[in-house]
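Below is one structure, written out as structure tokens; comments come after it.
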Amino acid sequence: MTPIEDSEIERVLFVTAHPDDLDFGAGGTIAQWTAKGIEVFYCVCTNGDQGGEDPSVPREEMPKIRQREQTDAGAALGVPAKNIEFLNHRDGWLEPTIELRKEIVRVIRKVRPQRLVIQSPERNWDRIPASHPDHMAAGEAAIQAVYPDARNAFAFEDLLKTEGLEPWAVQEVWVMSHHTPNHFVDVTDTFEKKLAALHAHVSQTAHNSEMPNRVREWGERNAEAQGLAKGRLAEVFRIVDVK
């Protein structure tokens with residue numbers, strides 16, 4: 001599917017389960033968009049408290065650590081802290097509830113993005129780590145928020161009547177980690193910025209010296225599958241027309 005031209009996009013909103021999910025899935029693409037002047041926003045559903053590798057770190061400290069890391073990672077890609085919102089649901093317990101849908105609708109109506117980037121609500125049997133239950137829950141709640149809720153004045157009426165948030169119709173959705181992608185972005189030139197963002201997630205990546213090589217291998221496989229020249233790197237998405 002041919003996406004809307006980036007020149008027609010003013011704002012992009014990411015909805016993901018955990019801090020670092022969007023950097024692994026689309027860090028190189030984000031760096032390209034911000035360089036073009038597109039305003040990028042993050043909505044992170046959980047507080048990430050089940051993350052980290054150091055058992056000496058108190059669990060109650062982990063949400064603050066991970067939010068700080070996500071803010072630092074955003075800065076590496078050109079996303080300011082004011083554009084990052086954390087919904088602070090419990091890590092590992094996320095479900096696509098009506099309440100979560102409403103929270104995401106609120107963010108969509110505040111940001112008013114033309115493009116929304118989400119995680120896949122479908123299980124990827126070839127890449128089980130991409131199908132963390134929180135990922136699928138965030139993806140399911142986000143796509144339900146796009147259609148029908150965010151555009152419908154009669155869905156969550158208090159958002160309009162009490163908070164003054166007008167309905168908003170997202171024009172297209174990009175799905176990360178989908179098992180049948182239909183679009184790719186060549187991120188060879190922004191790959192180092194992606195790595196900088198991932199390195200900012202110290203609690204998640206500092207222990208893994210192989211992380212850069214593994215992420216590069218993913219990018220190379222994506223690029224090869226799309227017919228790009230050897231040595232190129234790509235991120236892949238499933239684009240959904242929701243107009």
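Every number here is computed from the coordinates shown, using simple stated rules; none is lab data. On a predicted model such as this, the values are computed, not experimentally measured, just so you know. Cβ: placed from backbone, ideal geometry, glycine included. Neighbour counts: every protein chain shown.
Quick one: compute the contact order of segment 6-241, relative version, from alpha carbon pairs under 8 angstrom and 6+ residues apart, as a percent. Spell out each step's value before the answer.
Values: 451 pairs, mean separation 59.9, N = 236.
Relative CO of segment 6-241 lands at 25 percent.
Using DSSP to call loops (not H, G, I, E or B), can you name the GluC sites (Glu not before Pro) in segment 1-81 whose Cβ has at most 15 other Cβ atoms within 10 angstrom?
On the way: sites: E5, E8, E10, E39, E53, E60, E61, E69; in loops: E5, E10, E53.
Passing sites in segment 1-81 are E5, E10, E53.
For segment 74-172, take N as its residue count and report Rg(C-alpha) divided by 2.2 N^0.38 Å.
On the way: Rg = 14.3 Å, N = 99, 2.2 N^0.38 = 12.6 Å.
Dividing the Cα Rg of segment 74-172 by 2.2 N^0.38 Å gives 1.14.
DSSP loop (so not H, G, I, E, B), at most 10 other Cβ within 10 Å: list which chymotrypsin sites (Phe, Trp or Tyr not before Pro) in segment 117-169 pass both filters. All intermediate terms of the calculation are to be shown ahead of the outcome.
Working: sites: W125, F154, F156, W168; in loops: W125, F154, F156, W168.
Answer by residue number: W125, F154.
Between E217 and E53, what length in nm is gained on full extension when 0.36 nm per residue of separation is reduced by their alpha carbon distance? Provide the component values of the computation, followed by the final result.
Values: separation 164, 0.36 × 164 = 59.04 nm, distance 2.32 nm.
Stretched fully, the E217-E53 segment lengthens by 56.7 nm.
So how do 208-217, 91-100, 192-201 stack up, highest first, on mean other-Cβ count within 10 Å? Present the calculation step by step, with values, prior to reporting the outcome.
Details: 208-217: 12.7, 91-100: 16.0, 192-201: 21.0.
Descending packing order for the listed peptides: 192-201, 91-100, 208-217.
Semi-axes of the equivalent ellipsoid for the chain, please: Cα gyration tensor eigenvalues, times 5, square-rooted, ordered largest first, whole Å.
26, 22, 16
For E122 and K243, what is the calculated FRET efficiency with R₀ set at 22 Å and r taken between the beta-carbons, to the nearest 0.05?
Details: r = 22 Å, r/R0 = 0.98.
Efficiency computed from Cβ-Cβ geometry: 0.50.
Run through segment 1-74 and list the trypsin sites (Lys or Arg not before Pro) located in a DSSP loop whose Cβ has at most 12 other Cβ atoms within 10 Å.
Numbers: sites: R11, K36, R59, K64, R66, R68; in loops: K36.
Within segment 1-74, the qualifying trypsin sites (Lys or Arg not before Pro) (loop, at most 12 other Cβ atoms within 10 Å) are K36.
Express as a percent, rounded to the nearest 5, the fraction of DSSP beta bridges in segment 6-241 (both residues included) that run antiparallel.
On the way: 9 of 28 bridges.
Rounded to the nearest five, the antiparallel share is 30 percent.
Modelled label-to-label distance, K36 and A229, 7 Å Cα→beta-carbon offset: nm?
2.2 nm
Can you list the residues of segment 71-110 with backbone N under 15 Å from a point 7 Å past the Cα of E10, pointing along Cα to Cβ?
109-110
What is the distance in Å between the Cα centroid of segment 27-95 and that of segment 167-243?
Taking the Cα centre of each part, segment 27-95 and segment 167-243 sit 17 Å apart.
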